[in-house]
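Q: Okay, here's the structure, questions in a sec.
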Amino acid sequence: MIMAAPAYTQQITLPDGSPVPEQFCHNDTAVQIKGDVQGGTFSGCGVMQQNGLWYFNPARAVSEVTVFPHSCHIMYTSQHSSISKRIIIHKPVIIEPSLQSQGTCDGAFTLRAATKYAGSYRYSWAPALPLQEPGQAETKGLISQTTTFYLTVTDNISGCTGKDTVMISKYPIPVVTVSPEAIIIKAGESIPLEASGAVSYQWLPGKWLSSNTIPDPVAYPRAPVTYTVVGRNEFGCYDSAHARIAIIEDYFIPGAFTPNGDGLNDVFKIENIGYQGIGAFQIFNRWGELVFEGHTASAQWDGTCNGRDAPAGTYFYHIILNALDGSSKVHKGSVTLLR
């Protein structure tokens, strides 16, 4: 009795003789394929020949496919037989939009990733130490120096992965200084200020300054004020400094005047008045009669009443000075008119 030889099953294999996998990820590299019967040719999805060798390229197999997973076949045909193998290609894991480099002044930042195709994914950011939630699609972080982060996104169904990198730059913070930091001036005086350490500047408040956007403005304060200068460098990082200006009220009210036309002490007025406004400037005689009244900073009494020279003697004033902050000062006293 003659026994029949067992049937031979033709296979499509890798170069090492192992079977070609049934499932691929979209971004897997091309693999060389072989038929175990020499002299045949390959056809089907993703098949390509290069330098006399045959390859299966997953990305090429689904170049015009939008629905995943995608199933297709590769065929090997020899002189006497052919064989077909079904291949499943899973959707690509595409991080979209791609991660964009960013910068931070204080070291704080946020990483945020999304995928082109819906699905269930695992996220892994590295290095993980600077991050609050390195296993989430979105996480906050804090760095002390420029750091590159690597993201791996894994499809929980297929195990396919997508990768991207992003650089977070730690920008330097400027050190802004201002001169003078504190000064006392007389009412009506000006004072030059100067800031340094930055590229651009803004002074707050902007009032009573020759400019509030230059490093060296001149201040003409009408009341005590603290200026804050905010300086930014070329990266937009900022620092601030302060200049405090106090004002001495240097005015005084004389006790006598001599309206004789000699150009010396000819009028009774407030000397060295700065930026105060006059709410009242009243002169009374000894019987309480009003002999003069003014309401401006230039108010002054020339020693006359109703167009005639007032007699020498003692008169009484009632003066109200209004400050720019809304407060008032009342001055009452006597002045001697000498002739």
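The values are calculated or read from the model by the stated rules, or taken from the named source; none is laboratory data. Quantities reported herein were computed from a predicted structural model and do not represent experimental measurements. Positions of Cβ are backbone-derived with ideal geometry, glycine not excepted, and every protein chain shown enters the neighbour counts.
Q: Return the only residue of 245, 214 being part of a loop (DSSP other than H, G, I, E, B) and closer than 22 Å to residue 183 by Cα. Break it down stepwise before answering.
A: Working: 245 fails: part of a loop (DSSP other than H, G, I, E, B).
The unique qualifying residue is 214.
Q: Tell me, which residue of the range 1-27 that is under 52 Å from the mean Cα position of the chain (by Cα) and crowded, with 17+ Cβ neighbours inside 10 Å is modelled with the lowest pLDDT?
A: 26
Q: What number goes with the only condition from (1) closer than 28 Å to residue 327 by Cβ; (2) at pLDDT 95 or above; (3) part of a loop (DSSP other than H, G, I, E, B) that residue 173 does not pass?
A: (1)
Q: Say we look at the range 33-65 and pick out the residues that are without any contact (Cβ under 8 Å) to a residue 24 or more places away in the chain and assigned to a strand (DSSP E or B); which of these is nearest to residue 18 (Cα to Cα)?
A: Residue satisfying both the conditions and the ranking: 34.
Q: Still on this structure, I have one more. For residue 276, all conditions in the list (1) in contact with a His (Cβ under 7 Å, 6 or more places away or on another chain); (2) buried (at least 19 other Cβ atoms within 10 Å of the Cβ) hold save one; what is the number of the exception?
A: The one condition residue 276 does not meet is (1).
Q: Sticking with this structure for a sec: Give me the strands (runs of 3 or more DSSP E) completely within the range 92-170, filtered to those with at least 2 residues that are of a type in the set (Val, Ile, Thr), under 25 Å from residue 234 (Cβ atoms) and out of contact with any Cys (no Cβ under 6 Å at 6 or more places or on another chain), ordered by residue number. Outline the logic, then answer.
A: Values: elements: 102-104, 108-112, 121-126, 138-142, 147-155, 161-170.
Of the strands (runs of 3 or more DSSP E) lying wholly inside the range 92-170, those with at least 2 residues that are of a type in the set (Val, Ile, Thr), under 25 Å from residue 234 (Cβ atoms) and out of contact with any Cys (no Cβ under 6 Å at 6 or more places or on another chain) span 147-155, 161-170.
Q: Only strands (runs of 3 or more DSSP E) wholly contained in the range 258-323 count here; list those with 3 or more residues that are under 60 Å from the mean Cα position of the chain (by Cα) and modelled with pLDDT under 95.
A: Ranges flagged: 277-284, 313-322.
Q: Under 9 Å by Cβ, and 6 or more places apart or on different chains, what pairs join a residue from the range 10-31 that is of a type in the set (Asp, Glu) with one that is surrounded by fewer than 16 Cβ atoms within 10 Å (Cβ to Cβ) and part of a strand (DSSP E or B)?
A: Sorted first by the residue in the range 10-31, then by its partner, the pairs are 22/86; 22/88.
Q: Quick one: in the range 174-195, which of the residues that are among the hydrophobic types (A, V, I, L, M, F, W, C) and surrounded by 16 or more Cβ atoms within 10 Å (Cβ to Cβ) is farthest from residue 148 (Cα to Cα)? Spell out how you get there, then give the answer.
A: First pass over the range 174-195, keeping only residues among the hydrophobic types (A, V, I, L, M, F, W, C): 175-176, 178, 182-185, 187, 191, 193, 195.
If we keep only those that are surrounded by 16 or more Cβ atoms within 10 Å (Cβ to Cβ) as well, we get 176, 178, 185, 187, 193, 195.
Values: 176: 29, 178: 36, 185: 53, 187: 57, 193: 42, 195: 35 Å.
Residue satisfying both the conditions and the ranking: 187.
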